[in-house]
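> For reference, the structure I am asking about is given below.
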Amino acid sequence: MKMRYLIAALCLSTVGMGGAARADEPIVIKFSHVVATDTPKGKAAEYFKKLAEERTHGKVKVEVYPNSQLYKDKEELEALQLGSVQMLAPSLAKFGPLGLKEFEVFDLPYIFDNYDDLHKVTEGPVGKSLMGKLESKGIVGLAFWDNGFKVMTDNKPLREPADFRGHKMRIQSSKVLDAQFRALGAIPQVMAFSEVYQAMQTGVVDGSENTPSNVYTQRMHEVQKYLTLSNHGYIGYAVIANKKFWDGLPADIRTTLEGAMHDATVYGNDIAKKENDEALQKIKDAHTTEIIELTPEQKSDWRKALAKVHRQQEGRIGKDLIQQVYQATGKPL
Ligand code: LMR
């Protein structure tokens with residue numbers, strides 16, 4: 001065989017293995033995400049790296065790239081499909097643009113009262129069926145990772161639904177979140193996570209919704225005067241891998257990585273609530289932001305204003321899927 005062809009054949013065989021390296025070189029997994037290391041997702045990713053490298057005795061090297069260092073929200077999903085990175089953990093609110101609208105069921109306001117409700121869905125048949133939908137996009141779903149319940153931040157106090165009128169609110173790329181803010185009379189604007197701080201600082205947006213751990217680690221509280229403890233919705237993640245890469249791994253390595261993912265998931269989901277509680281305390285201690293607690297009447301007004309979003313989104317998400325979530329949690333709105 002001529003040298004040229006030999007080289008080409010060698011390259012092809014490497015590609016065929018989904019980029020897996022030669023026996024003497026570690027298999028490199030680039031794991032990109034958009035949040036800080038000091039968050040539930042950031043810590044779970046680091047823990048996965050540690051376990052994966054230890055348990056494969058260095059045969060696998062996991063390079064974690066936090067804080068949108070490599071890619072922003074939309075780009076990272078494209079990069080995964082192209083094989084430029086092997087693993088991600090995007091928010092469940094970011095799968096719509098891939099054509100996986102069903103994931104937006106997690107964005108419905110007040111669909112979960114607490115983590116227990118959520119786990120009944122992620123750890124049950126609904127979670128399994130959602131993960132299965134990723135395959136047609138060349139993606140394998142490995143786990144659901146928790147973050148937490150959202151607060152609203154803004155430069156004006158948000159106590160009543162009417163307070164949102166005309167406010168420009170940053171959202172993740174979810175049509176359900178778009179509908180949620182429109183139901184409140186606000187003007188939603190899709191924006192990459194890495195751009196939110198500056199948009200708040202310069203007044204491009206008035207406010208947003210996020211978990212306390214994201215607000216604190218992105219220093220959003222320094223550029224937002226008010227934070228409402230609304231717990232109106234949830235942010236969590238699907239940990240995903242490029243399917244060709246994952247399926248091309250040697251079977252023993254894949255099994256070890258699945259075990260590492262299982263244990264990193266237990267660890268990350270265990271610390272998520274505490275991380276968010278601590279972040280909220282740090283925001284309070286910073287004294288940059290007034291914390292608003294809603295009265296029972298105000299909470300009920302928010303729920304009433306947002307209840308229609310569930311019905312409105314039946315066409316997009318699927319009435320059956322919404323019903324399945326209600327059944328799993330035992331709590332229709
Ligand atoms: C956001 O864009 O606000 C979040 O999805 C970021 C994240 O990954 O938690």
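The values are calculated or read from the model by the stated rules, or taken from the named source; none is laboratory data. All values derive from a computational prediction rather than experimental measurement. Please note: Cβ atoms are built from the backbone with ideal geometry, for glycine as well, and neighbour counts cover all protein chains shown. Accessible surface areas use protein heavy atoms only, side chains included; no ligands, DNA or RNA. Shrake-Rupley method; radii C 1.70, N 1.55, O 1.52, S 1.80 Å.
> Counting each pair of different Cα atoms once, what's the Kirkwood radius of the range 127-180 in Å, rounded to one decimal? Write down the numbers at each step before the final one.
Numbers: mean 1/r = 0.0686 Å⁻¹.
With all distinct Cα pairs of the range 127-180 included, I get 14.6 Å.
> Same structure again: Round to the nearest 10 and give me the degree value, 0 to 90, for the angle of helix 251-286's Cα axis relative to the longest principal axis of the chain.
Its long axis makes an angle of about 30 degrees.
> Once amide H atoms are placed 1.01 Å from N in the peptide plane, what residues at a sequence separation of 5 or more from residue 205, or on another chain, have their amide H within under 5 Å of its amide H?
200
> Skip the ligands, DNA and RNA, and give the accessible area per residue of the chain with a 1.4 Å probe, whole Å². Let's see the in-between values first.
On the way: 14870 Å² over 333 residues.
Computed with neighbouring chains in place, this is 45 Å² per residue.
> Let me ask something else about it. Any idea what the dipole of the chain comes to, in debye rounded to 20, about its Cα centre with Lys/Arg Cβ at +1 and Asp/Glu Cβ at -1?
Numbers: 44 positive and 43 negative charges, 180 e Å.
For this selection, approximately 860 debye.
> On to the next question. With the convex hull built on the Cα atoms of the chain, state its orientation-averaged projected area in nm².
17.8
> Next up: Cross-link list 49/72; 156/319; 128/282; 43/156: which exceed 30 angstrom alpha carbon to alpha carbon? Can you show the working numbers first?
Numbers: 49/72 21 Å; 156/319 36 Å; 128/282 36 Å; 43/156 33 Å.
Among 49/72; 156/319; 128/282; 43/156, the Cα-Cα distance tops 30 Å for 156/319; 128/282; 43/156.
> If you don't mind, another one. Once neighbouring chains are kept in place and the probe is 1.4 Å, which whole percent of the accessible area of the range 35-87 is contributed by carbon and sulfur? Don't skip to the end; give the middle numbers.
On the way: 1210 of 2430 Å².
Its accessible area is 50 percent carbon and sulfur atoms.
> Right, something else. Based on a Kirkwood Rh over C-alpha pairs, give the Stokes-Einstein translational diffusion coefficient of the range 283-333 at 10 °C and viscosity 1.306 mPa s in µm²/s. Numbers along the way, then the final one.
Details: Rh = 13.6 Å.
Roughly 117 µm²/s, to the nearest whole number.
> How much of the calculated P(r) for the range 228-333 lies past 16 Å, in percent of all Cα pairs? Working shown, then result.
Working: 4246 of 5565 pairs.
Distances greater than 16 Å cover 76 percent of the Cα pairs.
> Cα axis of helix 296-312 to longest principal axis of the chain: angle in degrees, 0 to 90, nearest 10?
50
> Given Cα positions, please report Rg to Rh for the range 147-272, the hydrodynamic radius being the Kirkwood one. Kindly include the intermediate steps, with their values, before the conclusion.
Details: Rg = 18.1 Å, Rh = 16.4 Å.
Ratio of gyration radius to Kirkwood radius: 1.11.
> Continuing with the same structure: Check which residues have an amide H placed less than 5 Å from residue 152's amide H, if you skip close sequence neighbours.
For residue 152, whose amide H was placed from the backbone, the distant partners under 5 Å are 228, 230, 231.
> Taking amide H positions as placed in the peptide plane 1.01 Å from N, state which residues far from residue 187 in sequence (5 or more) or on other chains have amide H under 5 Å from it.
Result for residue 187 returns 166, 167, 168, 169.
> Of 50/94; 41/137; 150/304; 61/150; 101/225; 244/331, which pairs sit farther than 29 Å apart, going by alpha carbon to alpha carbon?
Check vs 29 Å cut-off fails for 61/150; 101/225; 244/331.
> Once the dipole of the chain is set up with Lys and Arg at +1 and Asp and Glu at -1 on Cβ about the Cα centre, which of 124, 80, 257 lies farthest towards its positive end?
The listed residue farthest towards the positive side: 80.
> Relative to the longest principal axis of the chain, what angle (0 to 90°, nearest 10) does the C-alpha long axis of helix 3-16 take?
Taking the Cα atoms of the chain, the angle to 3-16 is about 40 degrees.
> Run lengths n ≥ 4 of DSSP H only: what is the helix-derived mean residue ellipticity at 222 nm for the chain, with -39500 (n - 2.57) per run over all residues, to the nearest 500? Intermediate results must be reported in sequence, preceding the final value.
Numbers: 13 runs with 153 residues, N = 333.
Calculated at 222 nm, the ellipticity per residue is -14000 deg cm²/dmol.
> Can I ask one more? Rule-of-thumb check for the range 65-201: C-alpha Rg over 2.2 N^0.38 Å? It would help to have the intermediate numbers written out before the result.
Working: Rg = 16.0 Å, N = 137, 2.2 N^0.38 = 14.3 Å.
Ratio of Cα Rg to 2.2 N^0.38 Å: 1.12.
> Another question about this same structure. Please build a GNM for the chain, connecting alpha carbons under 10 Å apart, and tell me which residue among 57, 167, 232 fluctuates the most.
Most flexible of the set in this elastic network: 57.
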